[in-house]
1. All other residues with a Cβ under 14 Å from the Cβ of A:Ile287 taken together, and with Lys, Arg as +1 and Asp, Glu as -1, what is their net charge?
2. Using amide H atoms built 1.01 Å from N in the peptide plane, name the residues 5+ places from A:Ile671, or on other chains, whose amide H lies under 5 Å from its own.
3. About the Cα centre of the protein assembly as shown, what is the dipole size in debye to 20, counting +1 per Lys and Arg Cβ and -1 per Asp and Glu Cβ, all else neutral?
4. To the nearest whole number, what is the average tally of beta carbon atoms from other chains within 10 Å of the beta carbons of peptide B:2-10?
5. In whole angstrom, and with the biggest value first, how far do the Cα coordinates of the stretch A:565-669 range along each principal axis?
6. Taking 0.36 nm per intervening residue step and subtracting the Cα-Cα distance, what contour gain separates A:Leu617 from A:Glu414 on full extension?
7. Along the charge dipole of chain B, Cβ charges K/R +1 and D/E -1, which of B:Ala58, B:Pro2, B:Tyr69 sits furthest on the positive end?
8. So for the pair A:Leu558, A:Leu531, with labels modelled 7 Å out along Cα→Cβ, what separation do we get in nm?
Amino acid sequence: MHHSLGSSTDWIVMIVYFIAIMLFGSYFSKYNRTTTDFFFGGRRFKWWLIAMSIVATGVGSHSFIKYSAKGFEAGLSSTMTYMNDWFFVPFFIFGWLPIIVYTKIRSIPEYFEKRFSPSTRFLATILLLLYMIGYVGIGFLTMGKAILPLLPPEFSIFGMQFQITLMGLVIVIALIVGIYITYGGQTAVIFTDIVQGFILIFAGMLVFFLGLDYIGGFGLFWNALPTTWKLPLANFNNPPGFNFVGIFWQDGIAGSVGFLFMNMGLVMRFMATKSVDEGRKAATFNILFVLPISAIVVGNAGWIGKAISVLHPDVVPPSTDPDSIFVVVANIISLPGVFGFVMAALTAALMSTVDTLLNATAAIYINDVHRPAKKWLSKKVKSWKEEDRQELNAARIATVIFTIMGVLAVIPFESFPTVYEAHGYFHSTLTPPLVVAIFLGVFWKKFTNAAVVATFIVGVALMILGMYYPRPLIEVFAHGTEYDPQHPYTYIGALYNLFVCVFVGVLTTVTRNQQKKLTDWIKTTPNHKSLMSAITFISGGIFVIILFNLASLPVLMLLAAIMLVLIVISSNYYSKYSEKTHTDGLTVWSLAKAKEMFKGSKVNDRDGEIIKVNWKLKESTDDLMYFSKNDMAKMAADPGDLVYICDARKILGGLKSVHSTYGKPHDEDGIVYITQEHIDQGQFVKDKVLTAEKEM
Amino acid sequence: MPSFENTWLPFIYLYGVGGLFFVSGLIIIRKSKAINMEKKRHRYWWKVSLFGFFYFMAIHALLILSALYL
């Protein structure tokens with residue numbers, strides 16, 4: 001294990017960098033007027049601003065540490081996971097993205113309530129919180145592994161010796177991250193991420209070019225790498241710790257859908273764009289251009305490390321711990337100060353990822369735990385402002401609690417050989433039920449409430465069985481991947497998990513007519529209430545038997561099948577679900593309706609111009625803006641249509657902007673009358689020109 | 001020379017199986033009318049979707065060829 005890397009100059013650079021970033025972020029916290037601003041940034045930003053802000057989140061979450069480790073172990077195939085996200089882009093940009101914007105959902109579980117029932121929202125909240133907390137844990141573990149090599153093995157205060165451990169370091173990091181996010185909010189995160197995105201790409205490329213220079217040029221670097229190290233895709237099914245087919249299912253399928261559809265941190269960024277089309281631009285630009293560059297940025301230290309270990313094994317021994325290769329290489333090739341800058345950029349990016357995730361987790365808590373619980377417990381009606389202030393405080397407390405839980409999540413992940421494997425296992429285990437439920441819910445209107453409940457409960461039970469009995473259950477899907485008894489089927493387990501969830505969901509959906517007949521018959525029996533209580537109780541008992549592996553595999557499989565039947569009967573009995581009301585405007589098959597529901601009236605799709613106007617104050621409390629007849633004609637707008645006005649300075653990327661509705665027109669061309677609330681929300685400056693455009 | 005399992009098999013699997021998901025996505029958004037080909041902006045996004053698939057395919061193919069022959 002490397003220790004005490006870097007010099008005092010590096011530490012000074014790192015501290016200055018962190019203070020500068022925190023001051024920069026706190027400046028933007030003034031834009032958090034409501035919880036909507038705190039979590040979503042007020043749905044106002046231009047695509048390029050969001051695309052750049054995603055860089056730090058994407059790069060940070062996938063991390064320099066884990067990809068450099070795989071780059072060092074396996075070569076250029078470490079880039080695989082950055083270049084396999086395109087397959088689901090059509091589903092995202094024309095399916096999920098318009099749905100999340102037009103349904104005005106504030107969290108993914110809220111979608112489940114609208115599309116299915118409150119009970120599925122509850123189950124989705126549990127699964128999603130577990131997923132997000134696990135992700136936070138991975139972020140903390142990575143940050144700990146990045147910073148640990150910079151520190152001495154121990155230090156002393158007042159004569160007492162303290163050892164620096166990974167867990168101790170993670171706790172200190174969590175404290176710093178928690179403090180920052182609690183006072184920042186989404187706008188602060190977006191803006192610090194933009195700066196960090198640029199710096200991160202610069203720092204990663206700097207390491208690459210300094211590394212090439214150290215080796216003696218690209219030719220020497222390329223020739224030093226063995227051919228298998230130069231290939232962009234890993235070996236098909238071996239070794240178990242890094243193989244193509246497993247990573248394809250774990251990352252390319254479960255991970256891509258998870259990343260685009262259920263990563264609330266990312267979803268909230270897209271929701272912060274001013275329109276669906278801007279969200280599409282941000283997503284496609286990110287996947288087409290930013291991710292391939294990021295793949296080089298995050299993995300190159302490993303490739304450089306490998307080349308140095310071939311040419312100069314005394315400088316970088318081949319036995320170097322892969323998780324510390326980034327820090328080791330950066331230290332070797334950089335001058336004092338430059339190393340500090342690279343390390344500051346790396347840790348700050350990781351902080352961005354964790355910040356985004358914690359912000360998103362708090363959003364889920366407020367929307368799916370706090371608000372429903374308050375609605376249920378309290379009947380006292382508070383003013384809107386008082387309610388909002390209370391929620392903002394609750395969000396801050398929740399952030400602190402989730403930070404602590406993220407720290408605890410580091411403990412199980414620490415047992416994996418590298419962060420990459422820990423992340424891979426985490427993804428393949430936690431994403432499939434939610435991924436399948438969201439995906440089938442959005443794209444298959446026949447997918448029922450009973451099917452999603454069964455996917456969440458029986459699907460998870462079958463996944464647990466896969467963990468207990470990887471042989472024979474996962475082996476069937478393993479594509480010949482070798483069995484590793486310590487960490488069996490780390491990646492390809494995702495295929496088994498996806499399969500069982502899809503199987504349960506599809507089977508339950510296609511048998512819905514038979515289920516209805518059975519449920520109707522049960523309702524006619526005299527003791528149906530007691531019978532249903534018994535069925536629910538038995539289902540719970542079976543789940544416990546499976547959870548603790550209290551029988552042999554054939555018995556457990558049989559119990560899982562029985563549980564499926566019982567769960568389906570229960571959900572049909574207890575939940576009122578109608579395909580008509582629960583799919584209208586909520587699936588890809590009724591997007592036009594979703595758009596109409598968003599607007600509240602018929603959509604105006606006529607193409608109009610973007611115009612420039614000056615604003616004047618109108619004393620009013622109505623959320624209406626008043627343009628001239630001629631300006632309305634240019635925008636092809638009618639009273640009642642939705643409008644977006646924005647400070648005309650492009651560099652602001654929509655920061656000073658607001659959405660509203662057109663009021664009745666006047667005769668003063670080039671003038672828009674807006675209210676004090678609009679001015680406050682958009683932070684508009686007197687005499688600064690605005691642009692206005694019709695939204696729909 | 002690395003084996004087929006190291007070079008082209010992952011490539012074929014990636015764009016074969018991944019391609020199935022991609023094409024089914026295109027079919028669903030067309031059939032559901034989520035994408036309206038009468039709108040200029042939607043036609044643009046349709047082209048971008050197709051471009052992206054072949055763009056990544058070309059990058060991977062070029063990288064494999066570079067690894068093998070450069």
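1. Details: positive: A:Arg269, A:Arg280, A:Lys281; negative: A:Asp85, A:Asp251.
The answer is +1.
2. A:Asn614, A:Ser628
3. Details: 63 positive and 50 negative charges, 550 e Å.
The dipole magnitude comes to about 2640 debye.
4. So the per-residue partner count for this stretch is 6.
5. Sorted from largest, the Cα extents of the stretch A:565-669 read 67, 29, 29 Å.
6. Details: separation 203, 0.36 × 203 = 73.08 nm, distance 5.82 nm.
Full-extension gain reported as 67.3 nm.
7. B:Ala58
8. Computed distance between label sites A:Leu558 and A:Leu531 equals 2.4 nm.
All of the numbers you see were taken from the coordinates with simple rules; none came from a lab. If you're wondering where the values come from, they're calculated on a predicted model, not measured in any experiment. Ideal geometry is used to build each Cβ from the backbone, glycine not excepted, and the neighbour counts take in all protein chains shown.
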